[in-house]
Structures are given as C-alpha cells and as structure tokens.
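Each remark here refers to the structure printed beneath this line.
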Amino acid sequence: MTSADHPFPSFSSPAFQKAVDLLRPAAQPIRPAVLRVATGIFSAAHNIRRRAMFRTLHAQDASQFTPVGVVRILKRPLPPRVANGIFDAAQAVNIAATVGVGHRITGPLNAALQLWTISYRNSWTMLLHSDNMLTMHQMVLGTTRSADALSVDSLLRERTLFPQRYERAYGAVPTAMNVATVAVYFISGMAKVRGPLGLKWARGDVLRGQIAVDGMRKDLFGSPKPEAGAALYQQKELFTVMAIVSLAVELGAPLSLTNRRLGRVFAAGAWGMHVGIRIIMGIKFKYNISGVSYLPYFPMGPQLPR
C-alpha cells in the first residue's frame, strides 16, 4: 500500500506537522507559567471567600449526601472536621502550587485535592457545574510542566524566573486547557439541542421561561432580581438572538481549536455571553466573567516557527 492509499496522514506529512505546530507548538516555559499563576490566584480568592459556605455544607444532615464523581468511594459523608480539614489543606496546597514550590509534588496533589473538593461540594443536595472548567484547568496545570518559569522552583534550580528555551511540552498546556473549555461548552450545547425542542431551542422561549421562573423564585424568597431581566422580558426577538448566539458559541466551540483567530473570537463571544447572562439573569459565572478562563486562547511568549 502506498502512502496515497493510506487513509490517515503519515507522521511526516505536511498536514500532520501543521496540526502538531498548531496544537503543540514549541514555546517557552513562560507560556504555561502565566496560566498557572493566574488560575491559581483566582482559585485561591474564589475558594477562600466560600470557606464559610463549605463549612456549613459539611455540617448538613447525612440524609442530604449523595456522592458523585470520585466521592462515590464514600458510603457516608466525612465527619465535618475532616471535610473542613481537607478543604483547608486544598487551599494551602493550591497556594504552594501557584507560587511553584515543589511543583512536581504540589502540582499533582493540588489537582487531586481540587477535584475532590468540588466533587464533595457537588455531593450535597445540588449538582453544580459552574466550577467544572476551573477544576479541569487546575488538573491540567498540576500535572504538566507549568512551573518551569515564574516559580520558586525555577528560581532555585535555574537562578531565573524566565528560563529561555523552547519545548513542545510548554505549548501543549494551553491547548489541553482549551480542550477542557471546549468540552464544557460543547456538552452544554448538545444538551440543549438533544432536549425535547431540539434546534427549536434557538427560538428563545426556553430562555424567557427560565428568566420568568427565576424572577418568581427570587420574589418568593425575597431575593433581589435583575431589573434588566424584567425590563427586557417582552422583547421576544432579543431572546431569540441570545439563544442563537448561545448555541453558536457552544456548538461552535470545537472550531476554536483549529485556528488562533477563531479561538480568540470564541473567547470573546463566550465572555460576552456570560456578561449578558449576568446582567439579564443575575447568574454569576465568576471564572468565565473574570476572563481568566480564556487566557489559554491568548498565549504568552514567542514560539518557534514550524
């Protein structure tokens, strides 16, 4: 069989090399290091602010506990003191991994602790998805060479925070993070179109209904509701546009991996979508709105040409 007859491109073919250069370019260690620091700082601030909420959650009655994910190894909840201790340990390890102290140990340990922490949180009465992307990003950063620059490790080992070398391992980290991002959005989009309405979800009726239900729930419990949602509720065409944009961003997410410019367009569109959700529905996707979640689409530092 000749190479022309083979159904897949060979490892030396121009197409394969182009794909490698796109997804795993030879870059400097600063590229994943910036992502490690930014993501770690956001996670530290985000979780430390929620410490009291986690402690209240851990003290709930055992009847409210339904383990999910890795927490399924438990038949009953941990004693509150143990759960609180694991949460606090996760935050301490996250700080160590963020500053790059013993990252070969603290990185993977942080990945495991963050996965456990969010899985344990989701095992109590309500399954939330807002932290999934942050957790997956930390898992990527914790299990890759993201601390070879801007870290205590690099300062001690190489006497510099900015080592000057090019390796494909550094260029692969943002891509892995973007794959996690794409998975979150694409699954969300597929869940919409695989529902009873299918592509008719794009009409916007479901979105308007969600706003109405959310507004009534907040009125019932005395919570403030976004004024924009009530003011715009009668604008059916607006919700149709919002629904179409939402589906386009979510279902089109995989295209963001094929081209840098498309990646940046996707990042801008996804960020704008979450800002709109925040203004109209009052739902906060803090990691997304912060912009930190989309930093991998804007790689730091140079890379070698093919």
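The numbers here are math on the coordinates, done by the rules we state, and not lab data. From a predicted model like this one, the values you see are computed outputs, not experimental measurements. So basically every Cβ, Gly included, is an ideal-geometry build from the backbone, and we count neighbours across all protein chains shown.
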Original post:
Shape of the range 30-130 from its Cα gyration tensor (a ≥ b ≥ c, root eigenvalues): rounded if a/c is under 1.5, otherwise prolate when a/b > b/c, or oblate?
Top reply: prolate
**OP:** Would you give the gap between the C-alpha center of the range 117-189 and the C-alpha center of the range 51-102, rounded to a whole Å?
**Re:** 20
Subject >> Residues with amide H under 5 Å from that of Leu150, placed H, sequence gap 5 or more >> reply: Phe162
**OP:** May I ask which residue of Gly142, Leu161, Val206 lies farthest towards the positive end of the charge dipole of the range 115-207, with charges of +1 (Lys, Arg) and -1 (Asp, Glu) on Cβ and the Cα centre as origin?
**Re:** Val206
**OP:** Within the set of other residues whose C-beta is less than 14 Å from the C-beta of Glu250, count the net charge using Lys and Arg as +1 and Asp and Glu as -1.
**Re:** +2
Original post:
If Lys and Arg each add +1 and Asp and Glu each add -1, what is the summed charge of the other residues whose beta carbon sits under 13 Å from the beta carbon of Val193?
Top reply: +3
Subject >> For the range 293-304, Karplus couplings with θ = phi - 60° (6.51, -1.76, 1.60), whole Hz, Gly/Pro x >> reply: 5, 9, 4, x, 7, 10, x, 8, x, x, 9, 6
**OP:** List the extent of the Cα atoms of the chain along each of their three principal axes, largest first, rounded to whole Å.
**Re:** 61, 53, 39
Original post:
With θ set to phi - 60° and the Karplus curve 6.51 cos²θ - 1.76 cosθ + 1.60, what are the ³J(HN,Hα) couplings of the range 92-98 in order, to the nearest whole Hz, using x for Gly and Pro?
Top reply: 5, 5, 4, 5, 4, 5, 5
Original post:
Counting each DSSP H run of 4 or more residues in the chain as -39500 (n - 2.57), what helix-only mean residue ellipticity at 222 nm follows after dividing by all residues, to the nearest 500 deg cm²/dmol?
Top reply: -20000 deg cm²/dmol
Subject >> Cα centre as origin, Lys/Arg/Asp/Glu Cβ charges: the chain dipole, Debye >> reply: 240
Subject >> Dipole magnitude of the range 39-150, debye to nearest 20 (Cβ charges: Lys/Arg +1, Asp/Glu -1, about Cα centre) >> reply: 220
**OP:** State the answer as a single residue: which of Met177, Ala243, Leu74 lies farthest towards the positive end of the charge dipole of the chain, with beta carbon charges of +1 for Lys and Arg and -1 for Asp and Glu, about the Cα centre.
**Re:** Leu74
Subject >> Residue-by-residue Karplus 3J(HN,Hα) for the range 280-291, coefficients 6.51, -1.76, 1.60, Hz, glycine and proline x >> reply: 8, 9, x, 8, 9, 9, 4, 5, 6, 5, 4, x
